[in-house]
Amino acid sequence: SPGRGTTLTLDLPLLLSLLEGLVVQVGSSLLVLPHSGLAGTDPPDSKACSLARLVGLPEGTTDAEVAPIVRLRGRHGEVALRVDRIIGPAEVVRRPIGAHLGRVPFVEGATILPTGEPALILDPRELVEAASRGPIAEDQPSGRCSPRRILLVDDSPTLRATLQRDLCQEGFDVVLAEDGQGALDRLAAFPCHAIVSDV
C-alpha cells in the first residue's frame, strides 16, 4: 500500500531448515556432520572406527595412520570416527531425502553444498549408537551395523508418519505397512524385532 509498505509472508516446510555442520569426505562421498553432535577433531588414530565402514560406503585410499578423526556426541557418550578428509565447516539448507526412498539408516537429510555438490546429512546420535555396539567385523561386506528393526502397521498415514519419526529418533529402523496383508508381505522380506500395530 502507498505510504504503508509491503509485508511478505513465506511458508517453509518444517524439514527445510538451515544447519551448520562439518563437511567430511569418505571415499568419493561428501557427508555433513551437524555441529550439534560434533564434539571435536582428534589427531590420526588407526584404531578409530571407520565412518565409511560404519555407514556402508566404500573406503577411500587414505592411510589409517594419517586419516583425520572426528568425535561425535550422542546419547551414549562420544565416539571417534576416521574419515578420509575434513573439508571444513559449512552452513547448508537441510532438505528431506523424499518418502520414496523410505528409511535410510544414519541419514537425516540431504543438501547441496556451496560448491554445487550434493551431500548427505548424517545423524550423529544414530552413528554414536551404532559405533558403541562394538567393533565392525573386517569381513562384514557392507560394514553396516544392523539397527533394531520395527514393523509399523497402521491405516492412518498421519499416525504412521508421526510414529515413524519418533521411532527413528530413538534409533530404530522402521518398516511401514498400511494393512495386515502388507504387514505379512513386509515380514517376508524384512525380518523384524517387533511389531507396532493399532487394534
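The values are calculated or read from the model by the stated rules, or taken from the named source; none is laboratory data. Worth saying up front: this structure is predicted, and the values here are computed from it rather than measured. All Cβ positions, even for glycine, are placed from backbone atoms using ideal geometry, and neighbour counts span all protein chains on display. Heavy atoms of the whole protein, side chains included, go into the accessibility calculation; ligands, DNA and RNA do not. Shrake-Rupley method; radii C 1.70, N 1.55, O 1.52, S 1.80 Å.
Of all residues in region 58-78, those satisfying the criterion of being in a strand (DSSP E or B) and modelled with pLDDT under 90 are Arg73, Gly74, Gly77, Glu78. Of the residues screened, Arg82 is not one that is closer than 30 Å to Leu163 by Cβ and either hydroxyl-bearing (Ser, Thr, Tyr) or touching a residue at least 24 places away in the same chain (Cβ under 8 Å) (or both). When region 26-48 is filtered for residues that are closer than 17 Å to Arg71 by Cβ and open to solvent by 40 Å² or more (accessible area, probe 1.4 Å), the ones remaining, listed by number, are His35, Ser36, Thr41, Asp42, Pro43, Pro44, Asp45, Ser46, Lys47.
Screening Ile87 with (1) open to solvent by less than 40 Å² (accessible area, probe 1.4 Å); (2) assigned to a strand (DSSP E or B); (3) not hydroxyl-bearing (Ser, Thr, Tyr) gives one miss only, at (1).
For every residue, the table says whether it meets (1) farther than 22 Å from Leu51 by Cβ; (2) touching a Cys at 6+ places or on another chain (Cβ under 6 Å); (3) at pLDDT 85 or above.
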{"site": "Leu120", "(1), (2), (3)": "no, no, yes"}
{"site": "Val128", "(1), (2), (3)": "no, no, yes"}
{"site": "Cys145", "(1), (2), (3)": "no, no, no"}
{"site": "Arg160", "(1), (2), (3)": "yes, no, yes"}
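Let's see how each residue does on (1) assigned to a loop (DSSP other than H, G, I, E, B); (2) within 19 Å of Glu126 (Cβ to Cβ):
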| residue | (1), (2) |
| --- | --- |
| Leu152 | no, yes |
| Thr158 | no, no |
| Asp166 | no, yes |
| Leu176 | no, yes |
| Gly182 | no, no |
| Asp185 | no, no |
| Pro191 | yes, no |
| Ile195 | no, no |
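Scanning region 90-125 for residues that are under 14 Å from the mean Cα position of the chain (by Cα), over 22 Å from Gly60 (Cβ atoms) and not in a loop (DSSP other than H, G, I, E, B) yields Arg94, Arg95, Leu101, Glu108, Gly109, Arg125.
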